[in-house]
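Notes for the one structure printed next.
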Amino acid sequence: MKVNVTVNGTVYEREVQPRTLLAYFLRENCGLTGTHVGCDTSSCGCCVVVVDGGRAVKSCSMFAAQADGHEILTVEGLASGGTLHPLQQGFWDQHGLQCGYCTPGMMLTSYALLKQNANPSEAEIREGLAGNLCRCTGYQNIVKAVQQAAGKMREAVSAGR
Amino acid sequence: MSTQPAGGHALGVAMKRKEDPRFLHGKGRYVDDLSFPGMLYLALVRSPYPHAEIRNIDIVEAMKVPGVKAVITGKDLEAAGLGWLPTFHGFDKQMVLAIGKVLFQYQEVAAVFADTREAAADGAEAVQVDYAPLPVVADPFTSKADKVLLRPDREQKTNHIFHWEVGDKDATARALASSPKRIKQRIWFQRCHPAPLEPCGCVAYFDTMGRLQFHVTSQAPHVYRTALALVTGIPEDKIHVISPDIGGGFGNKVPVYPGYVCAIVGGLKIGRPVKWIETRTENLTSTGFARDYHMDVEIGATEEGRVTALHVATTADHGAFDAAADPSKYPAGIFGIVTGSYTFPVAHAEVDAYFTNKAPGGIAYRCSFRVTEASYAIERGMDILADELGIDAAELRRRNFIKKEQFPYPSALGFTYDSGDYHTTLDTALERIGYKALLKEQADKRARGELMGIGLSSFTEVVGAGPSKHFDILGIKMFDSAEIRIHPTGAGIVRAGTKSQGQGHETTWAQIVAEELGLDPQTIMVEEGDTDTAPYGLGTYASRSTPTAGAAIAMAARRIRDKARKIAAHLLEVSDADVEWKDYKFQVKGVPSKTVTMKEVAFAAYTNMAQNEPGLEATFYYDPPNMTYPNGVYVAVVDVDRETGEVKVRRFVAVDDCGTIINPMVVEGQIHGGLTEGFAIAFMQEIQYDAEGNNLNTNFTDYLIPTSLETPHWETDKTVTPSPHHPIGAKGVGESPNVGSPAAFVNAVIDALSPLGVRHIDMPITRDKVWRAIHEARRG
């Protein structure tokens, strides 16, 4: 079957099997390998993408067919031009990543979280990230990274940027 | 948090990681991200039975599945002389694909190659295997009786794999018998799994020159190259192993797995690239598990709490094949570190290992070969002794610590501890946690019947394997290596035989070079994991990278500095002897105004080298003179809910001594991560098998990884006693928190429950186990 999915602003029209998962569609049909797969049970969150601007979705739990006509944001679409997104900058500054495998999913879940709550508390961040597993960092620096990003994004809003 | 190095000084700086941008942009290159024209996918057929005879394998239906190109079985591999794979420490071999029978549930039985991932999976479903179930041996104690012989393929007709022992058995027995106080406890370190988020996988193909190009999730690419040459007969120059970015390893990516061999065989047979990526279930059920040591710990002491003797007898469950990746002279790893941080005058440790119908492994999960098991045994034992003697757990440790002035300290079991200041480390930890106030709070709470516990662990590790006279894998000595090239502009490249899986080598290795040579670490590129370019090394596991390759990098840099001094003398128009290295520059002795920088010397090395050999590069193979001994004191504070059995870790302080710190931000990150894995092992994780040999923890809904919600907040601190024999004094840190923390958590829970008479609970300490212990204590 044919699907028409907008990923990071680019339209991908592709022939897929009905059983093709969005995660594999992104990785294999669109060549966007920043979306990772770490489990078979939608437990790990390595594959999280943002759907239609604000909803964090585990792309292994959605068929490519269900994404037909929708807009997807993946890690490859976070930076604008040469500038890192505040979340990317936060993860870098606060050592919020080690092996990097969970990082795209972490950042996209955080992206959706900050859309809903521009000034989350530590507890709210920890709750918001509870569907994303990390084996390396112990989450503490990830929380700091999201806090830094939230602060920078609020500053940018109040400066009218 | 992070800063940038300035003025040449790079060691000890919390420099932001150089490798991060590609990961932040989603441009990391993990094995599953690789794709080659005509690439096939491999899926494995696995056994549903833990022990069964294979009567027949029918591949007819599988070959009819659209897209399936080939199916191979154990018989095909056996005919090609590839039926069995030697395990890394050389005592055993394992089947690549089952031959005649299966020995554990999820064992590899057949390999299906197809055009797409989906077709390969469909093909694997269609393979028909006729099994005849055999009696199952699901634990080492049953195995011991030899009623069912699991491995008739071996010469020795027994399930007993080995007996290993160290220390003075008779003197230990005598000392224990004459000790006024003795404790004895069976302590099980349960079977667990490293479960890195990226599963294992590979892509194999033969290029137009007939060379095997093998991209693989390997923590030890050079060892893979040599092992593949030995197993397959392909000349070693025709094998190129590349470890690209690795999504966590933790020991899981040290062994060579059957899927890798099948991918290579498929690539050769079909003439197309083959990709194999295991699923999470395959990862948890068939690749290297860890621990599974049943340890009988016995400690003798005087009335005053001076330890007199230690005996530990261990029954080890190794699964179907002995695939523990231990150095060849150490079948039980470095378990002899079990005397810990204490001055035991005499000790004896022994391990007996057995086959069972479980997955093979026994790998060093974020651990220097069984050091975690040893550390847990002694740290639990010391707490049980403290309880028996009625002495405060911190005070008992203080009385028995090796003193600062006793280093280098020869332990009763043959190690020479390099350095440490255990008393200061303990004091730092107790002060940070507010120990006295906590004891007061605990006394008040106990009076009210509330359950609060304080748990200590004051561990010593032994890492950095290792000196060539003791340590080898498949005969290859466990040195490591570095090659540094400084380019004309003062930028450079360092290559090492190690392989980062998230540890941050691309940053920390550059910092060592920058510190030694006064160059900018931002312009020192680090490359690892490519056997065509990197010098031979044994890889990254067992906290060995900084003790071995880190040392090799410093030594190679010093070789470069020696050569650079000659060129500097030429530039400064003085003799070599009149040049000194000071403040990251060459200077004419006693004339601070006459200097040249390494950058200037680098340019001259290619443009104006006078009579010196052109170029500026060096290689160093480092054979460590001793192991390093990172140590630390961890304190956990827990509150236990009497009604539900829920344990809440209220605070956790970790004081680590890893010697010289290269990058404090990276060190802290390693500690946070290791503590989280220790927390998981203490409270959540176990690979359980039922009595019929069924694996009960086959995915992340049953094998739990802590989330951001459960994970405690970590507080870290340090003492620094540099290793006297390491070129920069560093000891390694990646594993300390995983080695040291399980005992702190368990000791805290048992301390909370001790007023009820609870003496020990085996990990994982689930709510259910705590609730039962409380209720049994009430009834009893």
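Read-outs: derived from the displayed coordinates by stated rules, not from any lab. Bear in mind that the values here come from a model prediction, so they are computed numbers and not experimental data. For neighbour counting, all protein chains shown are included, and Cβ atoms are generated from backbone atoms with ideal geometry for every residue, glycine included.
Of all residues in the stretch B:239-251, exactly one satisfies the criterion of being away from chain A (no Cβ under 14 Å) and in contact with a Leu (Cβ under 6 Å, 6 or more places away or on another chain), namely B:Ile239. When the stretch A:21-40 is filtered for residues that are facing chain B (nearest Cβ under 8 Å) and more than 18 Å from the chain's Cα centre (by Cα), only A:Asp40 remains. For the stretch B:485-538, a residue qualifies if it is in a loop (DSSP other than H, G, I, E, B), in contact with a Phe, Trp or Tyr (Cβ under 8 Å, 6 or more places away or on another chain) and of a type in the set (A, V, I, L, M), and exactly one does: B:Leu538.
Output yes when any residue across the stretch B:183-200 is within 14 Å of chain A (Cβ to nearest Cβ), crowded, with 21+ Cβ neighbours inside 10 Å and without any contact (Cβ under 8 Å) to a residue 60 or more places away in the chain, and no when none is. Looking for residues that are within 14 Å of chain A (Cβ to nearest Cβ), crowded, with 21+ Cβ neighbours inside 10 Å and without any contact (Cβ under 8 Å) to a residue 60 or more places away in the chain, one finds at least one in the stretch B:183-200, hence yes.
If I ask for residues that are within 14 Å of chain A (Cβ to nearest Cβ) and either without any contact (Cβ under 8 Å) to a residue 40 or more places away in the chain or of a type in the set (A, V, I, L, M) (or both), which ones from the stretch B:687-707 would you list? Step through it out loud before you land on a result.
First pass over the stretch B:687-707, keeping only residues within 14 Å of chain A (Cβ to nearest Cβ): B:697-707.
Hits for the stretch B:687-707 are B:Thr701, B:Asp702, B:Leu704, B:Ile705, B:Pro706, B:Thr707.
Would you tally the residues in the stretch B:450-498 being charged (D, E, K, R) and closer than 16 Å to B:Tyr622 by Cα? Counting residues in the stretch B:450-498 that are charged (D, E, K, R) and closer than 16 Å to B:Tyr622 by Cα gives 6.
Note on the stretch B:105-120: residues that are under 28 Å from A:Asn29 (Cα atoms) and either in a strand (DSSP E or B) or under 32 Å from the mean Cα position of the chain (by Cα) (or both) amount to 5. Listed by position, the strands (runs of 3 or more DSSP E) contained in the stretch B:588-662 that have at least 1 residues being over 31 Å from the mean Cα position of the chain (by Cα) and of a type in the set (A, V, I, L, M, F, W, C) are B:591-596, B:631-640. Of the residues that make up the stretch A:131-141, is at least one within 12 Å of another protein chain (Cβ to nearest Cβ) and surrounded by fewer than 23 Cβ atoms within 10 Å (Cβ to Cβ)? Taking every residue of the stretch A:131-141 in turn, at least one turns out to be within 12 Å of another protein chain (Cβ to nearest Cβ) and surrounded by fewer than 23 Cβ atoms within 10 Å (Cβ to Cβ).
For every residue, the table says whether it meets (1) in contact with a Pro (Cβ under 6 Å, 6 or more places away or on another chain); (2) polar (S, T, N, Q).
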position	(1), (2)
B:Leu24	no, no
B:Arg29	yes, no
B:Pro37	no, no
B:Leu42	no, no
B:His51	no, no
B:Lys64	no, no
B:Gly74	no, no
B:Thr87	no, yes
B:Ile99	no, no
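Looking only at the stretch B:119-158, residues that are aromatic (Phe, Trp, Tyr) and either free of Cβ contacts under 8 Å to residues at least 60 places away in the same chain or over 25 Å from B:Val71 (Cβ atoms) (or both) come to 1 in all.
Meeting the requirement of 1 or more residues that are within 14 Å of chain A (Cβ to nearest Cβ), among the charged types (D, E, K, R) and under 30 Å from A:Asn29 (Cβ atoms), the helices (runs of 4 or more DSSP H) wholly within the stretch B:1-104 are B:20-24.
Scanning the stretch B:471-491 for residues that are touching a residue at least 60 places away in the same chain (Cβ under 8 Å) and over 27 Å from the mean Cα position of the chain (by Cα) returns B:Arg485, B:Ile486, B:His487, B:Pro488, B:Thr489, B:Gly490.
Looking across the stretch B:93-140, the residues that are charged (D, E, K, R) and either surrounded by fewer than 23 Cβ atoms within 10 Å (Cβ to Cβ) or on the phi > 0 side of the Ramachandran plot (or both) come down to B:Lys93, B:Lys101, B:Asp115, B:Arg117, B:Glu118, B:Asp122, B:Glu125, B:Asp130, B:Asp139. Here is a check on your reading of the model: is B:Arg225 among the charged types (D, E, K, R), touching a Gly at 6+ places or on another chain (Cβ under 7 Å) and either in contact (Cβ under 8 Å) with a residue 24 or more places away in the chain or outside any loop (DSSP other than H, G, I, E, B) (or both)? So B:Arg225 fails the test. The set of residues from the stretch A:90-109 being more than 26 Å from B:Val31 (Cα to Cα) and either outside any loop (DSSP other than H, G, I, E, B) or more than 7 Å from chain B (Cβ to nearest Cβ) (or both) comprises A:Gly90, A:Asp93.
Per-residue answers, yes or no, for (1) surrounded by fewer than 24 Cβ atoms within 10 Å (Cβ to Cβ); (2) farther than 30 Å from B:Ala177 by Cα:
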| residue | (1), (2) |
| --- | --- |
| B:Ala309 | no, no |
| B:Ala313 | yes, no |
| B:Ala323 | no, yes |
| B:Lys329 | yes, yes |
| B:Ile334 | no, no |
| B:Glu350 | yes, no |
| B:Pro360 | no, yes |
| B:Ala364 | no, yes |
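Looking only at the stretch B:443-484, residues that are hydrophobic (A, V, I, L, M, F, W, C), surrounded by fewer than 22 Cβ atoms within 10 Å (Cβ to Cβ) and assigned to a loop (DSSP other than H, G, I, E, B) come to 1 in all. Residues that are more than 24 Å from B:Gly361 (Cα to Cα) and aliphatic (A, V, I, L, M) within the stretch B:104-136 comprise B:Val112, B:Ala114, B:Ala119, B:Ala120, B:Ala121, B:Ala124, B:Ala126, B:Val127, B:Val129, B:Ala132, listed in sequence order.
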